[in-house]
1. Out of Ile360, Ile327, Ile315, which single residue is surrounded by 17 or more Cβ atoms within 10 Å (Cβ to Cβ) and either in the same structural domain as Ser655 (by TED's automatic domain parsing) or out of contact with any strand residue (DSSP E or B) (no Cβ under 6 Å at 6 or more places or on another chain) (or both)?
2. Being among the polar types (S, T, N, Q) and in contact with a helix residue (DSSP H, G or I) (Cβ under 8 Å, 6 or more places away or on another chain) is the filter; apply it to region 337-365 and report the residue that is farthest from Asp606 (Cα to Cα).
3. Which residues, counting only those in region 383-402, are surrounded by fewer than 20 Cβ atoms within 10 Å (Cβ to Cβ) and within 16 Å of the ligand (Cβ to nearest atom)?
4. Identify, by number, the condition in (1) farther than 30 Å from Val586 by Cβ; (2) assigned to a helix (DSSP H, G or I); (3) more than 32 Å from the chain's Cα centre (by Cα) that Tyr702 doesn't meet.
5. Quick one: how many residues across region 563-610 are in contact with a Pro (Cβ under 8 Å, 6 or more places away or on another chain) and either aliphatic (A, V, I, L, M) or modelled with pLDDT under 95 (or both)?
6. Does Ser525 qualify as being in contact with a strand residue (DSSP E or B) (Cβ under 7 Å, 6 or more places away or on another chain), touching a residue at least 40 places away in the same chain (Cβ under 8 Å) and farther than 25 Å from Lys461 by Cβ?
7. Residue check: is Tyr458 away from the ligand (no atom under 15 Å from the Cβ), hydroxyl-bearing (Ser, Thr, Tyr), under 23 Å from Glu485 (Cα atoms) and out of contact with any Lys or Arg (no Cβ under 7 Å at 6 or more places or on another chain)?
8. Which of (1) assigned to a helix (DSSP H, G or I); (2) more than 14 Å from the ligand (Cβ to nearest atom); (3) among the acidic types (Asp, Glu) is the odd one out, the single condition Glu328 does not satisfy?
Amino acid sequence: MSIIFNEKTNQFHLHTASTSYICEVFNGILAHAYWGKRVKQILPLEQLYKIKNINLAPHDLENSDWYSTDVLLHEFATWGSADLRTPAFHAVYADGSTVTRFRYKGHRILKGKPSLCGLPSTYVNSDDTCETLEIELFDDCKSVSAFLLYSVFEEKDIITRSVRIANGGKESMTLKTVESFCADFPNDNYDMISLYGAWARECHIQRAPLFNGIQAVDSKHGASGPNHNPFVALCSKDATETSGEVFGLALMYSGNFYAGAAVDRYSRTRLLLGLNSFNFEWNLGAGEEFQAPEVIMSYSSEGIGKMSRQFHKIIAKNVCRGKWRDIERPTLINNWEATYFDFNEEKLLNIADAAAELGIDMLVLDDGWFGKRNTDNCSLGDWYENREKLPGGLKGLGEKLNQKGLKFGLWFEPEMVSPDSDLYRAHPDWCLHTANRPRTESRQQLVLDFSRQDVCDYIVKSVSDVLRENPIAYVKWDMNRHMSEAGSALLKAENQREVFHRYILGLYSVLERITTAFPEVLFESCSSGGGRFDAGMFYYMPQTWTSDDSDAVERLYIQEGTSLVYPFRTMGAHISAVPNHQIGRVTPLKLRGDVAMLGQFGFELDLSKMSVEDKELSKKLIAFYKEYGEIIHSGEVYKLASVFEGKSSAFQIISEDKNTVIVFLYNIQGKVGLPSKILKLQNLEANAEYVEITDEKDGTVYGGDALMNVGILQDITHDHASEIRVFKRK
Ligand code: GLA
């Protein structure tokens, strides 16, 4: 049993294989007692965490010189009563009051993992692999309940958490803040790790010590990234890749979020993650419920790498769904950087011929196939083919590709509308907008109002019609601007601040309808690259275009940062032309290939113009990927060297059966006269022998103990050099 309620101590113990998460009902309040390495039992809270001399703190327990709600470690902190810190819950009631006092009312323990109404969530295939605890907290003055849901994935060392608010009162109320994760740590000896960036520079890693005050990352853009990713971790100051404590949280949500650590005057740390309360309100009528998104919690006492591996496993197996979750996905050629808008059927077929010759599985037709879109200023919303470019239509092109042995993939940007489009002319009120204000365009486009059912229905029909009528095996679902003037023509004034969240609920419903109607189709999400790279999206689409920056060196940063939380399996990664279109850098094809090899492998250049030598090397890269792709994407990842700490990068991947070890080595910049680096491999079997099967080192045998303790020489010393080494257990 992974969830135990101890009636004597009033403590809930949630156990994974190596973690314990403990809460305690203290004076009626659900208090946070412990999150860390697995323990059998702990003392009652009042014997554990004390602060003396707490003047100025409100006391709601008489005769206590040490305790106040304002210093208690909370599990779901509310606003307005005797806790003056940043809350997880804040509401305005019909009488104008803003006080909520949640007290423990009851709990139940369930087998399996319930889904969340309208939102993506982790799931299990068999109820035996997960247990769920639901705790009801109740405010008896307003008859409002908060149902906290904790699910324990014991073997995966993961706990998930979410909250549902139920208005059992007779009047409506307005939710202002509902954070899905809230826990107080007894001290502030931590660094905060988060992922920041921009378009084409996503998921860079930052780490900074906590200070007294609030340290936060968030999104107010209507999409989860790329400025900050909906992930945050606290780690002990001494934490490294392989040692120290790490408390990682990833939010399964694709819109506005908040992740913050608030250190108070007594050096306690409140960690919060959930919906962004800025510009958020939700009117909850009598008898109604509100479901907040789920947080995935990954604790490690063995460093950052273990936190990442736990995230990888749960996202790959308990977030991603459908046919494509487990099987290797097609290699592809995408025509975007090859042709941009300047293509016709002949050009595409020439590229397809070269792709077929190399052994690539699929051609993806990117932007520009619909309406009259020859540049990015028109036609979004008009999802019918351009017969001037494609005389035989999508069907004709798809059939020709299929005859060449290639699958056919297609780009859409369904959430958008161009002012110059038939759709906009027919329905100018279908975009997000605020009355009497200019509609700010970005890339000359506006965002469709997915909070409206009629808009959602229209998009489901337009996309489904194309998928039904044409031989399409893959969809790239793009979203190329974030939101401004985010109002809806259909909502009343008091509901306008619900638009951002309603949009995401509408998007999720559209994705659910389309992806379940077309289970064979592989869906890839994209938001100008990794602008919406979050665990919520993976519930519908198992991979994302990682970044519009396809330069191999930049990708080392972006892919490493992204892999802090998300598995390589979820990352689209393509070889593009040199000089690179984003930053002009010239790198060898080998480096570009070896970097793309980690993700969902493809090409994004005009293959019909490739030299004979490059074609030969590409064939080898594709053959290697086809042989080892499955291991790369299902194996455990160990980061041996971080590009953020130097000019080189290295990953080690161990296959699920532990028989194959692949080491990826990258050197960005060479230096003369320095000793080559030694890299120690990790988590091998000490007594086993491993034989190397990499070309010129073929046949060399190493002991597992030597690989881990002595290491291997990283003898690539030139600029932009790379090497992939494969070891097999004997
Ligand atoms: C975005 C995507 C690119 C490409 C273009 C097309 O920028 O990230 O990969 O699809 O849109 O307009």
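1. Numbers: Ile360 fails: either in the same structural domain as Ser655 (by TED's automatic domain parsing) or out of contact with any strand residue (DSSP E or B) (no Cβ under 6 Å at 6 or more places or on another chain) (or both); Ile327 fails: surrounded by 17 or more Cβ atoms within 10 Å (Cβ to Cβ).
Ile315 is the lone residue from the list that is surrounded by 17 or more Cβ atoms within 10 Å (Cβ to Cβ) and either in the same structural domain as Ser655 (by TED's automatic domain parsing) or out of contact with any strand residue (DSSP E or B) (no Cβ under 6 Å at 6 or more places or on another chain) (or both).
2. Of the residues in region 337-365, the ones among the polar types (S, T, N, Q) are 339, 344, 350.
Narrowing the set further to residues that are in contact with a helix residue (DSSP H, G or I) (Cβ under 8 Å, 6 or more places away or on another chain) leaves 339, 350.
On the way: Thr339: 7, Asn350: 9 Å.
Across region 337-365, the extreme among qualifying residues is Asn350.
3. Scanning region 383-402 gives a single hit, Asn386.
4. (2)
5. Residues in region 563-610 being in contact with a Pro (Cβ under 8 Å, 6 or more places away or on another chain) and either aliphatic (A, V, I, L, M) or modelled with pLDDT under 95 (or both): 1 in total.
6. Values: in contact with a strand residue (DSSP E or B) (Cβ under 7 Å, 6 or more places away or on another chain): yes; touching a residue at least 40 places away in the same chain (Cβ under 8 Å): yes; farther than 25 Å from Lys461 by Cβ: no.
It is false that Ser525 is in contact with a strand residue (DSSP E or B) (Cβ under 7 Å, 6 or more places away or on another chain), touching a residue at least 40 places away in the same chain (Cβ under 8 Å) and farther than 25 Å from Lys461 by Cβ.
7. Values: away from the ligand (no atom under 15 Å from the Cβ): yes; hydroxyl-bearing (Ser, Thr, Tyr): yes; under 23 Å from Glu485 (Cα atoms): yes; out of contact with any Lys or Arg (no Cβ under 7 Å at 6 or more places or on another chain): yes.
Here the answer is yes, as Tyr458 does meet what is asked.
8. (1)
The values are calculated or read from the model by the stated rules, or taken from the named source; none is laboratory data. Quick caveat, the model's predicted, so the values are computed rather than measured. Here Cβ is always computed from backbone atoms with ideal geometry, including for glycine, and neighbour counts include all displayed protein chains.
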